[in-house]
1. Once you place label points 7 Å from the Cα toward the Cβ at Val35 and Ile15, how far apart are they in nm?
2. Go ahead and estimate [θ] at 222 nm for the chain from helices alone: -39,500 (n - 2.57) per DSSP H run with n ≥ 4, summed, over the residue count, rounded to 500.
3. Would you please state the base-10 log of I(q)/I(0) at q = 0.30 1/Å for the chain, with intensities from the Debye formula using one equal scatterer on every alpha carbon?
4. What net charge do the residues around Leu16 carry, taking every other residue with its C-beta under 15 Å from that of Leu16, with Lys and Arg at +1 and Asp and Glu at -1?
5. Can you give the net charge of the other residues whose Cβ lies under 12 Å from the Cβ of Glu33, counting K and R as +1 and D and E as -1?
6. Taking K and R as +1 and D and E as -1, what net charge do the other residues with C-beta under 13 Å from the C-beta of Phe6 add up to?
Amino acid sequence: MVNYKFYTVQEVADILQVHWQSVLTYIKSGKLEAVKLGKGYRISETALQRFIADHSTRNKR
């Protein structure tokens with residue numbers, strides 16, 4: 001059985017130390033993958049890790 005970890009928009013905002021509206025902007029712009037459930041979004045741990053890796057300054061040249 002596979003266990004999936006999902007975060008709320010506020011949890012991701014707390015992890016990234018940004019405003020929750022910034023997280024929504026990332027989602028709506030397609031930079032951060034999320035699943036819409038009802039009125040809210042859920043972000044998988046994998047999607048969050050990918051977002052962080054894609055925006056790491058170490059990857060920029």
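Every number here is computed from the coordinates shown, using simple stated rules; none is lab data. The structure displayed is predicted, hence computed values, not measured ones. Here the Cβ is made from the backbone with ideal geometry for all residues, glycine too, and neighbour counts use every protein chain on show.
1. The modelled label-to-label distance comes out at 1.5 nm.
2. Helix-only estimate at 222 nm: -12500 deg cm²/dmol.
3. The Debye formula, applied to the Cα set alone, gives -1.41.
4. Summing Lys/Arg as +1 and Asp/Glu as -1 gives -3.
5. +3
6. Around Phe6, the charge tally is 0.
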